[in-house]
Amino acid sequence: GTAPETRSFEADVARLLHMMVHSVYSDKDVFLRELISNAADACEKLRYELLSDPALAGDDGQPRITVTLDPEARQLIVEDNGIGMSEVELAEALGTIARSGTRAFMERVAAVREGAKEGEGAQLIGQFGVGFYSAFMVADRVDVFSRRAGADVAAHWASDGLGSYTIQLVDIADAPARGTRIVLHLKEDAASYTEPFTAQRIVTAQSGHVPVPIFLKEKPDAEEKQIADGAALWTRPRSDITAEEYADFYRSTAGQFDEPALTLHYRAEGLHEYSVLAFLPSMRPFDLFDPDRAGRMKLYVRRVFITDEAQILPRYLRFVRGLVDSNDLPLNVSREMIQESPVLAAVQKGVANRILSELDKLAQKDGEAYLKFWDNFGAVLKEGLYEDFARREALLGLARFKSTASGEGWRSLKDYVEAIKDNQTAIYYATGADLDRLASSPQLEGFRARGIEVLLLTDQVDSFWVTAGVDYQGKPFKSVTQGLADLSLIPLAEGETPAAEASAEVDGFIAYARDVLGEAVSDVRASERLTESAVCLVAPDNAMDRQLEKLLAGAGR
Ligand code: ADP
Ligand code: MG
């Protein structure tokens, strides 16, 4: 061993820990889920490394997680025989904020602080589940002993969660033969976690379906008993699995806290064989619009976890959680080579198509549930309109819009086209940041007067896809703020008065306005757009839409 070396946490970790320690979040049970999920990840990482280096298994090849209770010492211990961590890895994993989720969490907390809503920071812990550090909700000291697979040294990390931690090499007898032991010195008010009934209930409820068996020891010297079998849930027949089991699995593997809005479990057979277990969240993940945010579908090959970076789904389906377990990808190729495999390409295609068709089914079957989904994730799905040409048709079919005709509800393009006016050749839209302001903008007057529906697009992404040459049933999308709005062929609705005939007087005024405004505008003209307002700004026919122009200016381009 070496002498303990004291190091400070990264500033962000210290802040996070401060929050954990002072957390009033009531559902502290989640710490156990986080530790077990890390232990299961570590076992799966080992399982993967064993493919290329079977010797790492030593004489302990079966992955396992053991939860040991010690009521007398008021300790709870979670041990795994997974991949383990070296001294350097310990300091990196448990001294910094590595994962983007935790970073996003901190940003949210900072935002909440500014908005100063009391207690909301604590609420957020529940929504985010901030991994390992959540141990400090229930413990006033945490010891981590770890020995990396294949290493002949072991390391010890310890902290009271108050700003610094110590790290040192220790005798290998003090650490597991392989893997990680996490010892929580429980706070007084968290002593109940050493009650066997409580601990078992929490573990089986939260983590009963992780793909690694879990054992419980009621006392350090007690016999251990198995409390979860580690059978991969997705290999069981659908009819055997309850909604509750699916939901637990979703929460324990996807790191979510909500109920899945939709569960999709099927087996693809034929040319390629694979199982899919996918979930649509019912709440927006916090990092949905993180620019680095990629999907998190896990890739397994014959029940061995390979990677969660295989980009199984297109970016615009990044909110989908779950896994694909392939029967025909080779186990012994590198993650990099898997990326290029035609088998993966077939899986990617099949799963994306299936998800879109399930969404379509949901829309037919349960409109209300679908609209809830759309409200959460529509803005992401619309990215596909310019990113995924092959599925544009399908995505347009799934899209729902606010419009001048939608009221409180939503409109599909099918609805729009069914209500289209005679001689109307385009699908009209207006883009802006705020729905109410958009709905009352003068540009819409002429359209309203003719009963022409205008889509009101308020998501950032809308400014991009509308310019990507999208059309629906042969009708192009056309901005109401752009170019000439040729509405003359469409009659006014009853009771509307036509705009003044272009007269010599109007021509005179236009000439005057052109003269005064000079370079500031590219043209001034009479318009059928307006019925009440005197003027409005529009973009030239072939120029950028005004909302897009604003967005790009905002992005500093
Ligand atoms: P996440 O699991 O999302 O990465 P955590 O805060 O839960 O975030 O864990 C941080 C990191 O610590 C993990 O990514 C992993 O590298 C490491 N880690 C935590 N627990 C273990 C463990 N039992 N075995 C090996 N590594 C672990
Ligand atoms: Mg974790």
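The values are calculated or read from the model by the stated rules, or taken from the named source; none is laboratory data. Everything numeric here is computed off the predicted structure, so don't read it as measured data. Reconstructed Cβ throughout: ideal geometry from the backbone, glycine too, with neighbour counts over all protein chains shown.
Starting from residues that are modelled with pLDDT under 95 and touching a Ser or Thr at 6+ places or on another chain (Cβ under 9 Å), keep the ones in region 203-226 and report whichever is farthest from A191 (Cα to Cα).
P211
Check D27 against each of (1) in a loop (DSSP other than H, G, I, E, B); (2) within 30 Å of D229 (Cα to Cα); (3) touching a strand residue (DSSP E or B) at 6+ places or on another chain (Cβ under 8 Å) and name the one condition it does not meet.
Result: D27 passes all but (3).
Could you tell me which numbered condition E223 fails, if it satisfies all but one of (1) under 29 Å from L344 (Cα atoms); (2) away from ligand 1 (no atom under 16 Å from the Cβ)?
Against the list (1) under 29 Å from L344 (Cα atoms); (2) away from ligand 1 (no atom under 16 Å from the Cβ), E223 comes up short only on (1).
Cβ-Cβ distance below 8 Å, separation of 6 or more or different chains: which pairs start in region 1-16 with a residue that is surrounded by 12 or more Cβ atoms within 10 Å (Cβ to Cβ) and end on one that is of a type in the set (K, R)?
D12/R103
Looking at region 147-154, is at least one residue modelled with pLDDT of 95 or more, within 16 Å of ligand 2 (Cβ to nearest atom) and touching a helix residue (DSSP H, G or I) at 6+ places or on another chain (Cβ under 8 Å)?
No, there is no match, as no residue in region 147-154 is modelled with pLDDT of 95 or more, within 16 Å of ligand 2 (Cβ to nearest atom) and touching a helix residue (DSSP H, G or I) at 6+ places or on another chain (Cβ under 8 Å).
Which residue is surrounded by the fewest Cβ atoms within 10 Å (Cβ to Cβ), if the candidates are limited to region 452-465 and must be of a type outside the set (S, T, Y) and in a loop (DSSP other than H, G, I, E, B)?
D459
Given (1) within 16 Å of ligand 1 (Cβ to nearest atom); (2) more than 17 Å from I227 (Cα to Cα); (3) hydroxyl-bearing (S, T, Y), identify the lone condition not met by S52.
(1)
Just to check your reading of the model, which residue among D41, D27 is away from ligand 1 (no atom under 16 Å from the Cβ), closer than 28 Å to H209 by Cα and surrounded by fewer than 21 Cβ atoms within 10 Å (Cβ to Cβ)?
After applying the criteria, what remains is D27.
Can you tell which of D12, D41 is farther than 16 Å from A139 by Cβ, assigned to a helix (DSSP H, G or I) and in contact with a helix residue (DSSP H, G or I) (Cβ under 6 Å, 6 or more places away or on another chain)?
Result: D12 is the single residue among D12, D41 that is farther than 16 Å from A139 by Cβ, assigned to a helix (DSSP H, G or I) and in contact with a helix residue (DSSP H, G or I) (Cβ under 6 Å, 6 or more places away or on another chain).
I'd like the full set of residues that are more than 8 Å from ligand 1 (Cβ to nearest atom) and not β-branched (V, I, T), limited to region 66-80.
Listed by number, the residues that qualify are L69, D70, P71, E72, A73, R74, Q75, L76, E79.
Checking the condition buried (at least 19 other Cβ atoms within 10 Å of the Cβ) and either aliphatic (A, V, I, L, M) or at pLDDT 95 or above (or both), which residue from A449, A468, A439 passes?
Result: A449 is the single residue among A449, A468, A439 that is buried (at least 19 other Cβ atoms within 10 Å of the Cβ) and either aliphatic (A, V, I, L, M) or at pLDDT 95 or above (or both).
Being part of a loop (DSSP other than H, G, I, E, B), more than 14 Å from D12 (Cβ to Cβ) and either more than 10 Å from ligand 1 (Cβ to nearest atom) or among the polar types (S, T, N, Q) (or both) is the filter here; which residues of region 81-97 pass it?
Residues satisfying the conditions are N81, S86.
When you scan region 399-429, how many residues do you find that are of a type in the set (S, T, N, Q), surrounded by 15 or more Cβ atoms within 10 Å (Cβ to Cβ) and part of a loop (DSSP other than H, G, I, E, B)?
Counting residues in region 399-429 that are of a type in the set (S, T, N, Q), surrounded by 15 or more Cβ atoms within 10 Å (Cβ to Cβ) and part of a loop (DSSP other than H, G, I, E, B) gives 3.
Considering only residues that are of a type in the set (A, V, I, L, M) and away from ligand 2 (no atom under 16 Å from the Cβ), which ones fall in region 68-101?
Residues satisfying the conditions are L69, A73, L76, I77, V88, A91.
If you go through region 143-200, how many residues are in contact (Cβ under 8 Å) with a residue 60 or more places away in the chain and assigned to a loop (DSSP other than H, G, I, E, B)?
Looking only at that region, the number is 13.
From the residues in region 390-434 that are of a type in the set (A, V, I, L, M) and under 25 Å from the mean Cα position of the chain (by Cα), which one is farthest from Q348 (Cα to Cα)?
Ranking the candidates gives A433 first.
Could you look through region 29-61, keep only residues that are under 25 Å from the mean Cα position of the chain (by Cα) and basic (K, R), and pick out the one that is nearest to ligand 2 (Cβ to nearest atom)?
Here the answer is R33.
Can you find a residue in region 267-277 that is among the aliphatic types (A, V, I, L, M), within 20 Å of F31 (Cα to Cα) and surrounded by 15 or more Cβ atoms within 10 Å (Cβ to Cβ)?
no
From the list Y300, Y370, exactly one residue is hydroxyl-bearing (S, T, Y) and modelled with pLDDT of 95 or more. Which is it?
After ruling out the rest, the residue left standing is Y370.
So which residues in region 226-237 are surrounded by fewer than 17 Cβ atoms within 10 Å (Cβ to Cβ) and either under 17 Å from E273 (Cα atoms) or touching a Gly at 6+ places or on another chain (Cβ under 6 Å) (or both)?
Result: T235, R236, P237.
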